[in-house]
Structure formats: C-alpha cells, structure tokens
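Step one of this worksheet: look at the structure below.
The values are calculated or read from the model by the stated rules, or taken from the named source; none is laboratory data. Being a predicted model, the structure only gives us computed values, none of them experimental. All Cβ positions, even for glycine, are placed from backbone atoms using ideal geometry, and neighbour counts span all protein chains on display. Heads up: the accessible areas ignore ligands, DNA and RNA and are worked out on the full protein's heavy atoms, side chains in. Shrake-Rupley method; radii C 1.70, N 1.55, O 1.52, S 1.80 Å.
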Amino acid sequence: MKLCIDIADVEQIRRIYEYFPVDGVSTNPSILAKTGRGPYEVLKEIRSIIGAEGELFVQATARNAEGMVEEAWRIAAELGDRTLVKIPCVPEGFKAMKQLQGEGIRFIGTAVYTAMQGWLAAKCGAEYVAPYVNRIDNMGFDGVQVAKDIHDAIVGSGYGSFSGLLAASFKNSQQVLELAKYGVKAVTAPPDIIEGLVKNAAIDAAVDQFCADFQGLAGEGRTMANI
C-alpha cells in the first residue's frame, strides 16, 4: 500500500519525508489556501521536495468538464507526468474523466462519499478514487466500510489492474491500519496521523531502556559504533 501525505505545508512535508517511507503528496484547494501562497509556487516547491518520482495530487476547481480538462493540461504541464489531477466524482467530472482518459492525462476521482461514485470513476479510467473516510463517518455511515466496498467493487469489476483507492480524511491511525490490512492501493493522511502510526509510550520506554542498559555497560555516550 502506498502512503501519501495530505498537506501543503512544505516544512511538514520535508520533515515527514525525512523520517517515513512516503510515496507522494496529496493536496486540495482548501489546504493550498492555508499556505497563503500562490498555488503553483507551493506545488512546484512540493515537487522539488518529493522529486520527479513522487506522486503529486492536485485538484481541478472548474465547475464544468471543459474547464476541468483545461486545468488538467495546465497542471500536468507545470508539475510533470507524475502528477495526477483530482477530478470530482459528479456528472461534469465523469465527462471530463472520459475525455482525459483518451488524452493520456492521469487523474483521480475525488470527493467520493458513495461506492457508486468510486466505481463510476474507476470505469472512467481513474487511477485512484478518494473516499473521505472520516467525513463519511460524520454523516452517520461507516467510512472504512464504504472504502472497502469501493475497493471490492473496483476489483470485482475487473478494474483493479489500473485503479484503486487513495483513501483520505482520517481521524486516527487505526483507520489507516484497517485499510492497509484490507489491501487497498493507497492512503493519504496528515502528518499527525502518519506519526501516530508509531506513537506509543511503550515503544519509547523500550528504546530508552535499551539505550540506558547499553550505556551502563559500555559508558555514557557510547554506541556500537564507538566502543
């Protein structure tokens, strides 16, 4: 399963990339707006951090298919062929997806709240579909189960060879773990959720004890590199 960061703060992206095995960065207009900077300025800096091979997800904001397609071409031209354009899973979005599929532009179906949205996006050629797990929970449904249903529909329809989930909107790392165990294609989460995957007092205590015992044996400041 691929792991992506769902944020546009370049300093946090640098920090997470330094420590964790991350595969890319997802953005949306709302988190870009939080930076207070020009969208392409921020996105090009993110691209420089994640390199040419990292996947970068950027959302089109037009309300009609023609505008979405125009944005998609500009986004791909500015940010490289490892950039996927996020297209909302609404009728105009599906129309845009059908055109983009024939033009070779990579895209992802976003704003997904139902299994049928995800299935339709995959049928339109989306490499990923992005169910909003926690937002679905907040509507009174089971976000993790909806994500699993989308995964099953994609695989069961024979689209799993090219399409899969980029599950998003998590409230805790347990949700990420559940989808990892289920075998979804990818998840994207903010830094606190990613760090929460290994944030545990018992882990810290075990490492502290090992270090203290070794220094008691070999001397303060000693490691296996300098004894």
Item to complete: Would you please name the residue that is most open to solvent (accessible area, probe 1.4 Å), looking only at residues in segment 57-72 that are more than 25 Å from Lys2 (Cβ to Cβ) and in a helix (DSSP H, G or I)?
Response: Glu66
Response to the item:
For segment 149-193 the number of residues that are of a type in the set (Ser, Thr, Tyr) and assigned to a helix (DSSP H, G or I) is 2
Practice prompt. With the condition kept exactly as written, say whether any residue in segment 208-224 is surrounded by 10 or more Cβ atoms within 10 Å (Cβ to Cβ), in contact with a strand residue (DSSP E or B) (Cβ under 7 Å, 6 or more places away or on another chain) and either charged (D, E, K, R) or part of a helix (DSSP H, G or I) (or both).
Written response: no
Worksheet item: Restricted to segment 37-49, and to residues that are out of contact with any Phe, Trp or Tyr (no Cβ under 7 Å at 6 or more places or on another chain) and touching a residue at least 24 places away in the same chain (Cβ under 8 Å), which residue is most open to solvent (accessible area, probe 1.4 Å)?
Response: Lys44
Item to complete: Report those helices (runs of 4 or more DSSP H) wholly inside segment 74-148 carrying at least 1 residues which are surrounded by 15 or more Cβ atoms within 10 Å (Cβ to Cβ) and β-branched (Val, Ile, Thr).
Response: 133-138
Discussion item. Criterion first (under 26 Å from Gln145 (Cα atoms), touching a residue at least 40 places away in the same chain (Cβ under 8 Å), hydrophobic (A, V, I, L, M, F, W, C) and in contact with a helix residue (DSSP H, G or I) (Cβ under 7 Å, 6 or more places away or on another chain)) does Val112 satisfy it?
Written reply: no
